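Trainee: Shown below is the structure under consideration.
We did not get these values from a lab; they are worked out from the coordinates using the rules stated. Here the structure is a predicted model, which means the values were calculated and not measured. FYI the Cβ positions are ideal-geometry reconstructions off the backbone, even for glycines, and counts take in every protein chain you see.
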Amino acid sequence: MASNILLLHLPSLTITLFTVFLQIQTTTSSPQGPLILPLISQTLSHGFVSVPSPSSRKLSFHHNVTLTVSLTVGTPPQSVTMVLDTGSELSWLHCKKNQNINSIFNPQLSSSYTPTPCSSPICTTRTRDFPIPVSCDPIKLCHATVSYADATSLEGNLATDTFSLSGSGQPGIIFGCMDSGFSSNTKEDSKTTGLMGMNRGSLSFVTQMGFPKFSYCISGHDASGVLLFGDAKLTWLGPLKYTPLVKMNTPLPYFDRVAYTVRLVGIRVGSKPLEVPKSIFAPDHTGAGQTMVDSGTQFTFLLGSVYTALKNEFLEQTKGVLTLLEDNNFVFEGAMDLCFGVRGGVVPTVPAVTMVFEGAEMGVSGERLLYRVGDDVAKGKDVYCLTFGNSDLLGIEAYVIGHHHQQNVWMEFDLVNSRVGFADTRCELANRRLGMSP
């Protein structure tokens, strides 16, 4: 989710949970090899599980509506669970217990915890890309605030501590120790301790750890996949198609400069391109209209005019194939209003939707395109909705490629070469070929 606008708290859905184990090197200045994370389907577990590799360090990774990792922080180590988010910079943890938070990090119990003073270069220079400027609290500590489109807002002090991945600690990781705020979805927020920022900012977790790239493969239901930090030559993986990251040196009010921004140039339904101006896919003079790849958002959202064109063309091509839901007021997750009633739970074959980027394409079909959201009991039908939403209804000025459309796609974030690569694959096979099958 993109720092100031895209933390979308989504209701709990019935989705298989996954756990990933991560092999990680001990230094950040010169990474020596890839960090391989098998993602295996199992019940939710916050512990580490052994893999037959004496040098490996394992980190839990779960897939529900959000992607979460389990690790330890502090000395002695405290177990925490964090949402993995390519759209945010600052990693943060809940540091104060209240009735709505089940898991916290207690800084008073950690001998390695060090709060960041206002005079520190961390506070004065490395927070420049924060959407809300940091401030100085009454005791001269660096005070940070994060705020999201769903009205969630958190405040606390910047600090450093040791983050341990499968028992091997990395000291001096900068994060936010949050002690106050408001959540619009306390039920979901109570399931995790915080958020792991993974964007291109100087304070993101991946930047602080010094990894040149990271990749993941998110499986669909009842399958497995892989999360990997570093570079690896995977000969069995088909060639990745790369699209360059868009760089913006000039600060603009609606452009997130440290997001994984790519250049969307068109959308097809079947073989027919949407009839919209090419300029609608490019950011305007304010920065509104950038396209971000975001693991912290579930579905994909398009600017209103493009969403309307997609909706109309999809309806045109599925006449007589899909039955439009009769309740015109039904809107799934507040932004997806193209829903259908399907009798018998068998979804007919429909045209794929293809997002066309500079140098690469991403096709969306099957369960990734039509998502079962519930039942129309009165009509005896299952309700399925198109998994593209209208970002205008969310109050955001951006295109967002969510993790649902990244399922069974190998996603590579190459920080050194400033590009994102992807290739269709079966994530459970990737898991087996890496020798990580349970």
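Trainee: Could you pull out the trypsin sites (Lys or Arg not before Pro) across the stretch 222-322 that fall in loop regions by DSSP (anything but H, G, I, E, B) with no more than 12 other Cβ atoms inside 10 Å?
Mentor: Loop-located and lightly packed - LYS233, LYS247, LYS319.
Trainee: Could I ask something else about it? So if the hydrodynamic radius of the stretch 160-314 is defined as the Kirkwood radius over C-alpha pairs, what does Stokes-Einstein give as its diffusion coefficient at 25 °C and 0.890 mPa s, in µm² per second? Intermediate results must be reported in sequence, preceding the final value.
Mentor: Details: Rh = 19.3 Å.
This corresponds to a translational diffusion coefficient of 127 µm²/s.
Trainee: Another question about this same structure. What length, rounded to one decimal in nm, is gained on full extension from SER271 through to THR75, with 0.36 nm per residue of separation minus their alpha-carbon distance? Please list the in-between numbers first.
Mentor: Working: separation 196, 0.36 × 196 = 70.56 nm, distance 5.69 nm.
Length difference between fully extended and current span is 64.9 nm.
Trainee: While we're looking at this one, here's another question. Would you please put 331-338, 342-349 in order of how densely packed they are, using the mean number of other Cβ atoms within 10 angstrom per residue and starting with the highest? Write down the numbers at each step before the final one.
Mentor: Working: 331-338: 19.5, 342-349: 11.6.
Taking the mean over residues of other Cβ atoms within 10 Å, the ranking is 331-338, 342-349.
Trainee: For the stretch 229-317, divide the Cα radius of gyration by the Kirkwood radius and give the resulting Rg/Rh value with two decimals. Let's see the in-between values first.
Mentor: Working: Rg = 15.9 Å, Rh = 15.5 Å.
Value, to two decimals: 1.03.
Trainee: Counting C-alpha atoms alone, how compact is the stretch 68-210: give Rg to one decimal and Dmax as a whole number, in angstrom.
Mentor: Rg and Dmax of the stretch 68-210, Cα atoms, are 13.9, 37 Å.
Trainee: A further question follows. Under a straight-distance cross-link criterion of Cα-Cα below 23 Å, which lysines are reachable from LYS213, leaving out those fewer than 8 residues away in the same chain?
Mentor: LYS58, LYS233, LYS241, LYS247
Trainee: Can you give me the orientation-averaged projected area of the convex hull built on the Cα atoms of the stretch 256-387, in nm²?
Mentor: On the way: hull surface 35.5 nm².
Taking a quarter of the hull surface, the average projection is 8.9 nm².
Trainee: Shape call for the stretch 84-148 from the C-alpha gyration tensor, a ≥ b ≥ c root eigenvalues: rounded (a/c under 1.5), prolate (a/b greater than b/c) or oblate?
Mentor: oblate
Trainee: Something else about it: Testing the spin-label approximation: label points 7 Å from Cα along Cα→Cβ at SER279 and GLU316. State their distance in nm.
Mentor: 2.3
Trainee: Considering the zone a paramagnetic label at ALA232 would reach in this model (a point 7 Å from Cα along the Cα-to-Cβ line), which residues of the stretch 374-411 have amide N under 20 Å from it?
Mentor: Under cut-off, by backbone N: 406-411.
Trainee: Using per-residue counts of other Cβ atoms within 10 Å, averaged over each peptide, order 157-164, 301-308 from highest down.
Mentor: Descending packing order for the listed peptides: 157-164, 301-308.
Trainee: Please compute the modelled spin-label separation between ASN100 and LYS241, points set 7 Å along Cα→Cβ, answer in nm with one decimal.
Mentor: The answer from the label model is 4.3 nm.
Trainee: Which of the lysines could a cross-linker span from LYS272 if the Cα-Cα distance has to be under 19 Å and same-chain partners fewer than 8 positions apart are dropped?
Mentor: LYS311, LYS319
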